[in-house]
Ligand code: GLA
């Protein structure tokens, strides 16, 4: 690979799956690329436009190569990649480690090197690699195969592994060469799903960092129950979700940022309301997510494998700032408190924190000795703190 910085920070972009499922085509992708620029998402740091499953014909061609569906993509993938690039964005696609993808289109098993070459020729910059119809071979071997093919295909292609965290992938995925890895099953556009995925990763907090970020799945911010997978016969019901409140979407976004998760938007970015744009472009939360060190936060609770539903997390940033976040995933308002001694700041230091609350983007005064928060159900606070003299 030429670009030594590929995957250094958590990737940011948009993926077609949550909203469009099988109903994906050239026009949707182009208009989403336009929207990424016009809505300010690009300026906020989002760069990848990724087509998920269902883009190809059901059969490979006579040479065994993948073929883009000419009805969905009449101009072909190369032209589409050129269009995305002309907007100053990067282009992503999808395949699978089995002979078929999850929606039963051809997968890359035993075609890894040919497919990597095809993607490179098309101008692809990102490959999401799923885990359906997996042959009886260890996952680490299959992900290594594709990583090796991508690293030698003549183009920098970010490798987004998606094995949902099975086979303890957090233990071996980094060594395959993947720059991000899905650690969870599929997200749904409802609070129960967000809470489940979020809490499931607290015990794995340190298995994420520069060049290999734990991907807790695509964001559902701004979907409001409108996911189109409902129309997709292969996935009926998967996204027939209720949607969330804006408070829940904010907490979802803040948690993904604290965890250094990739930020892959899943809503229809051609049609976002003001609040959705505000949440997704919150520069203070994005700065935490994109901090150069991607330092794992620490969880202030007794058993990270069975986390409580309301808790503090603290993250060190590369410039010396400290982020203190209070999350309330429970269904009741909670009063929470955190002793600064427990995060390494005893009173004897003569120091205190000057705090800025990043979710509401407001000054939060000073924190000394003990922080007390009253947090509504499903809400959160994220304080970016500077050390100052008392
Ligand atoms: C799996 C993945 C999803 C999506 C679908 C596509 O379920 O986890 O993110 O890519 O396949 O079929």
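The values are calculated or read from the model by the stated rules, or taken from the named source; none is laboratory data. Since this is a predicted model, take the numbers as computed values, not measurements. Reconstructed Cβ throughout: ideal geometry from the backbone, glycine too, with neighbour counts over all protein chains shown.
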Determine which single condition residue 213 fails, assuming it passes every other condition in (1) in a loop (DSSP other than H, G, I, E, B); (2) in contact with a strand residue (DSSP E or B) (Cβ under 7 Å, 6 or more places away or on another chain); (3) more than 15 Å from the ligand (Cβ to nearest atom). (1)
Taking only the range 309-337 into account, find how many residues are surrounded by 17 or more Cβ atoms within 10 Å (Cβ to Cβ) and either free of Cβ contacts under 8 Å to residues at least 12 places away in the same chain or in a strand (DSSP E or B) (or both). 16
Please work out which residue is modelled with the highest pLDDT, limiting yourself to the range 222-235 and to residues that are assigned to a loop (DSSP other than H, G, I, E, B), within 16 Å of the ligand (Cβ to nearest atom) and touching a helix residue (DSSP H, G or I) at 6+ places or on another chain (Cβ under 7 Å). 223
When residue 107 is run through (1) within 16 Å of the ligand (Cβ to nearest atom); (2) in contact (Cβ under 8 Å) with a residue 60 or more places away in the chain, the failure sits at (2)
Is the range 348-363 home to any residue that is under 23 Å from the mean Cα position of the chain (by Cα) and in a strand (DSSP E or B)? yes
Give 66, 80 a once-over and let me know the one that is buried (at least 17 other Cβ atoms within 10 Å of the Cβ), more than 26 Å from the chain's Cα centre (by Cα) and within 24 Å of residue 179 (Cβ to Cβ). 66
Single unsatisfied condition, residue 102 versus (1) more than 19 Å from the chain's Cα centre (by Cα); (2) within 16 Å of the ligand (Cβ to nearest atom); (3) without any contact (Cβ under 8 Å) to a residue 40 or more places away in the chain; (4) surrounded by 20 or more Cβ atoms within 10 Å (Cβ to Cβ): (3)
Scanning the range 96-112 for residues that are outside any loop (DSSP other than H, G, I, E, B) and closer than 16 Å to residue 61 by Cα gives 100, 106, 112
With criteria (1) on the phi < 0 side of the Ramachandran plot; (2) touching a strand residue (DSSP E or B) at 6+ places or on another chain (Cβ under 8 Å); (3) within 13 Å of the ligand (Cβ to nearest atom); (4) assigned to a loop (DSSP other than H, G, I, E, B), residue 124 comes up short on (3)
Verdict on residue 114 being surrounded by fewer than 24 Cβ atoms within 10 Å (Cβ to Cβ), without any contact (Cβ under 8 Å) to a residue 40 or more places away in the chain, more than 16 Å from the ligand (Cβ to nearest atom) and farther than 16 Å from residue 6 by Cα: no
